[in-house]
Amino acid sequence: MRAQIFSSILRASARPSALGGARTGPLLARFSSSHAQESFESFTDRYVKFFQNAEDLFEVQRGLNNCFAHDLVPAPSVIEAALRASRKVNDYATAVRIFEGIKEKVENKTQYQAYLDELKPIREELGITLKEELYGH
């Protein structure tokens with residue numbers, strides 16, 4: 001049975017495609033993402049621009065979900081742009097959740113503290129108070 005399935009896949013991959021060319025691989029091949037080879041700098045630029053242009057809460061939260069889904073911690077400039085976007089759409093809770101996301105993404109408390117220190121001016125400007133500041137955790 002497996003041999004029949006495998007041979008069917010091979011036959012299907014050898015048929016000409018609807019676009020007129022011959023297929024070069026099996027139908028089950030998965031194409032890679034367009035951002036697979038993206039550098040950290042281009043990732044940072046892309047998300048800073050995204051958050052600068054975000055117009056509503058849904059767009060800001062969608063951008064945050066996509067940004068934090070990657071296997072990296074976003075640069076402080078991305079976080080600042082996201083915080084400003086949260087302020088623009090008047091959603092304080094999302095701004096606080098950005099810091100919760102950073103806390104989960106970093107490897108240790110020292111890295112989290114470095115983000116807090118780096119982003120202190122924007123937090124003060126926007127009036128964002130975190131649990132760590134209130135309770136000293």
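For the stretch 40-135, what % of the accessible area comes from carbon and sulfur atoms, probe 1.4 Å?
48 percent
May I ask you to evaluate 6.51 cos²θ - 1.76 cosθ + 1.60, the Karplus curve with θ = phi - 60°, for each residue of the stretch 86-95 and list the ³J(HN,Hα) values in order in whole Hz, giving x for glycine and proline?
Values, residue by residue: 4, 5, 4, 8, 6, 10, 4, 4, 5, 4 Hz.
Hey, if we sort K105, K131 by accessible area with the 1.4 Å probe, largest down, what's the order?
K131, K105
Enumerate the aspartates and glutamates that K105 could reach by cross-link, defined here as Cα to Cα under 18 Å, with residues fewer than 8 away along the same chain left out.
Correct list for K105: D71, E80, D117, E118, E132.
The values are calculated or read from the model by the stated rules, or taken from the named source; none is laboratory data. Values in this document were obtained by computation on a predicted structure and should not be read as measured data. Note: accessible area is taken over every heavy atom of the protein model, side chains too, but ligands, DNA and RNA are not part of it. Shrake-Rupley method; radii C 1.70, N 1.55, O 1.52, S 1.80 Å.
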